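The values are calculated or read from the model by the stated rules, or taken from the named source; none is laboratory data. These numbers come from a predicted model, not from an experiment. Note that each Cβ is placed from the backbone with ideal geometry, even for glycine, and that neighbours are counted across all protein chains shown.
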Amino acid sequence: MIPARPYRLLLNRNHGTPGMVVLPDGGFRRARAEITSWDGYCPTPLVSLPEVAAAARVAAVYYKDEASRFGLGSFKALGGAYAVKHLLVAELSKRGLAPAAIAEALAKGADPKLTVCCATDGNHGRSVAWGAQRFGAACVIFVHETVSQGRRDAIAAYGAEIRVVPGNYDDAVRAAQATAEKAGWFVVSDTSYPGYTEVPRDVMQGYRLMAEEALAALPVAPSHAFIQGGVGGVAAAVAAQLRASGAGSAKLVVAEPERAACLLASCESGKPTTVEGELDTLMAGLACGEPSLLAWQELERSAYGFMAVPDAAAVDCMRLLAARTPKIVAGESAVAGLAALLLAAQEPFARMALGLDTESQVLLFGTEGATDPELYARLVG
């Protein structure tokens, strides 16, 4: 179905070992109650892909299509905006406002002097900017120099100021943190590091709603779930929700770009490991060199394996989904999991290592649509 291409597969030697609770279920229940109350909330589709299942020689493949999420085009609408709301509520509460007064303030616009900021490759920044606009805060988004103009414009459309940082995504993270400390702004990051965990935890709790929707819509429990990597936040959220939903036996495979596989590198070394360099990958939303601390604490025990896939395989999968009927519009960062499944399914050793067979029920997460329409059109044709 797609050409055979080189990839890396690493099974997690620590899979199944006990660990700390990174995402408590109570926090998820609060996130779910808040997000599902927003205007425009609707579960995104779960699409059966029988042609992919036939090619992969498995029983079924299901694709959770996030292209329509709140009109923002990606699952990240669930995390950043929720974290903005939670942070603003906490700040207004510190000022002595009662819950009713906080609700009224947020409805009118919390405080334009409150500024939230973050670093982004595109989708998270769009969610934070949307949340800031929705709940009445100022917003500054830091992007690294290779983030496309289309993605910058999409963020700015929600009223955010865009600041361009030399270097890669991790450089933008550091710039956002340093600027926020000097200016007294609030960082709403989707990556966590020592001393900064609570806001990223809220972001990840929001992501869990995507997984809960998918699992509720499946006709049978999944045997496998393939999910994109990045800093690891969404993969950790899926892992936590699989366990909470009684599907903890599903094998979770984390897929990353071959040039930004920091989670695979961390598994290989047995500790959080940074991938250096430009992180030059077409899968812009996954161009992350440093794993999130919280995400790694979850994935180091719950991920079954990690795969690093080439950019060319992502393009193959984008075209594959665009050519089917009905068409699925998937951005370049949406299809790493699909690419990992199709590449692994072609090889007997990988099939055996991952336990893929004709009885397997596979869940995929299409985490974004065409968030850069110009780039999508150029890649898909």
_Total residues in segment 322-374, condition under 21 Å from Gly285 (Cα atoms) and either aromatic (Phe, Trp, Tyr) or free of Cβ contacts under 8 Å to residues at least 40 places away in the same chain (or both)_ = 2
*Are any residues in segment 326-381 of a type in the set (Val, Ile, Thr) and modelled with pLDDT of 95 or more, and if so, which ones?*
Ile328, Val329, Val335, Thr358, Val362, Thr367, Val380
*Residues (in contact with a Phe, Trp or Tyr (Cβ under 9 Å, 6 or more places away or on another chain) and either part of a helix (DSSP H, G or I) or farther than 20 Å from Ala81 by Cα (or both)) located in segment 156-170*: Val164, Val165
*Which condition number does Gly122 fail, the rest of (1) on the phi > 0 side of the Ramachandran plot; (2) without any contact (Cβ under 8 Å) to a residue 60 or more places away in the chain being met?*
(2)
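Could you pull out the residue among Val335, Val380 that is of a type in the set (Val, Ile, Thr) and over 17 Å from Val309 (Cα atoms)?
Matching residue, one of Val335, Val380: Val380.
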*Residues Glu213, Glu181: which one is part of a helix (DSSP H, G or I) and farther than 20 Å from Asp65 by Cβ?*
Glu181
*Identify, please: which residue in segment 317-332 is more than 14 Å from Asp65 (Cβ to Cβ) and in contact with a helix residue (DSSP H, G or I) (Cβ under 7 Å, 6 or more places away or on another chain) and is, among those, surrounded by the fewest Cβ atoms within 10 Å (Cβ to Cβ)?*
Arg319
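Report yes if Thr358 is under 19 Å from the mean Cα position of the chain (by Cα), farther than 16 Å from Pro257 by Cα and assigned by TED's automatic domain parsing to the domain that holds Asn12, otherwise no.
Numbers: under 19 Å from the mean Cα position of the chain (by Cα): no; farther than 16 Å from Pro257 by Cα: yes; assigned by TED's automatic domain parsing to the domain that holds Asn12: yes.
Answer is no for this residue.
Pick out, from segment 49-150, the helices (runs of 4 or more DSSP H) lying fully within it that include 1 or more residues that are of a type in the set (Val, Ile, Thr) and closer than 17 Å to Ala180 by Cβ. Before you say what the answer is, go through the steps one by one.
Numbers: elements: 50-56, 80-94, 99-108, 123-135.
The qualifying helices (runs of 4 or more DSSP H) are 80-94, 123-135.
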*Name every residue in segment 250-269 that is touching a residue at least 24 places away in the same chain (Cβ under 8 Å) and either among the small types (Gly, Ala, Ser) or in a strand (DSSP E or B) (or both), in order of residue number.*
Ala250, Lys251, Leu252, Val253, Val254, Ala255, Glu256, Pro257, Ala260, Ala261, Ser266
*Can you find even one residue in segment 144-151 that is surrounded by 17 or more Cβ atoms within 10 Å (Cβ to Cβ) and within 16 Å of Ala77 (Cβ to Cβ)?*
yes
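Name every residue in segment 64-103 that is over 29 Å from the mean Cα position of the chain (by Cα) and not hydroxyl-bearing (Ser, Thr, Tyr), in order of residue number. It would help to see each step written out before you state the result.
Within segment 64-103, the first condition is being over 29 Å from the mean Cα position of the chain (by Cα), and the residues that meet it are 93-102.
The answer is Lys94, Arg95, Gly96, Leu97, Ala98, Pro99, Ala100, Ala101, Ile102.
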